[in-house]
1. Once the dipole of the chain is set up with Lys and Arg at +1 and Asp and Glu at -1 on Cβ about the Cα centre, which of MET93, THR31, PRO115 lies farthest towards its positive end?
2. Compute, for the range 1-135, the length of the dipole vector about the Cα centre, with Cβ point charges of +1 (Lys, Arg) and -1 (Asp, Glu) only. Units Debye, rounded to 20.
3. Got a sec? Charge dipole of the chain, +1 on Cβ for Lys and Arg, -1 for Asp and Glu; which of PRO63, ALA132, MET19 is way out at the positive end?
4. Based on the mean of other Cβ atoms within 10 Å per residue, sort peptides 44-51, 109-116 so the most packed one is first.
5. Rank these by accessible area, largest first, 1.4 Å probe: ILE90, ILE64, ILE122.
6. If you roll a 1.4 Å probe over the heavy atoms of the protein chains, what accessible area per residue do you get for the range 93-160, in Å²?
7. Within the chain, what's the longest stretch lacking GluC sites (Glu not before Pro) that sit in DSSP loops with no more than 15 other Cβ atoms inside 10 Å?
8. Full-extension gain between GLU154 and ASP57, please, as 0.36 nm times their residue separation minus the C-alpha to C-alpha distance.
Amino acid sequence: KNLEEYVRIARDHETCIIMDEFYSHYYYDSTNVEPANGGADDNSNWPKTVSSAAYVDDVNADPIIIINGLTKNWRCPELWFCWIIAPEPIVEMLAAAGSFFDGGANAPPQKLSLPLMELDFIRKDTWALQRAFEKIRDYFLKDIRRLGVKVLHEPVFTFYV
């Protein structure tokens, strides 16, 4: 609900907001059932993720810039590939700046990374990411509570307290 409100406010006030969605797959509060727990293992069953893109009406008119990349959601820290979703003039300006500074993106590694963009891979990998990091979050919460730290709001997204 908050993302929808942020996008609406940006649109109403013609104010640009940059949305960092590098951690958008780290979401644990879903009613969807993971295939490992009996859920369907097909395109009818996707893990919950969060993106402001769902609330953008017109990518060329709404003042929203969304950035994401392979480093966090795809856990590929050495592949410094990212992308933006933004009005076309912003995309063109950033592409020109990138070409000016370093000659543009390195095409061979980009081509080698294309299988990471296949929807079935993204679906299965996101389930695995959420399963692994939910365990880390739960372990972390158990230990800090054991140390006497009161957690007012249990995180449902990443594990920042």
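The values are calculated or read from the model by the stated rules, or taken from the named source; none is laboratory data. The structure displayed is predicted, hence computed values, not measured ones. A quick note on method: Cβ atoms are made from the backbone with ideal geometry, for glycine too, and the neighbour counts reach across all protein chains shown. Heavy atoms of the whole protein, side chains included, go into the accessibility calculation; ligands, DNA and RNA do not. Shrake-Rupley method; radii C 1.70, N 1.55, O 1.52, S 1.80 Å.
1. THR31
2. 480 debye
3. It is ALA132, whose Cα lies furthest towards the positive end.
4. Numbers: 44-51: 15.9, 109-116: 11.0.
Output ranking for 44-51, 109-116: 44-51, 109-116.
5. Sorted by accessible area, descending: ILE90, ILE122, ILE64.
6. 74 Å²
7. Details: sites that count: GLU14, GLU78, GLU118.
Here the longest segment lacking exposed loop sites spans 15-77.
8. Numbers: separation 97, 0.36 × 97 = 34.92 nm, distance 3.18 nm.
Computed gain between GLU154 and ASP57 is 31.7 nm.
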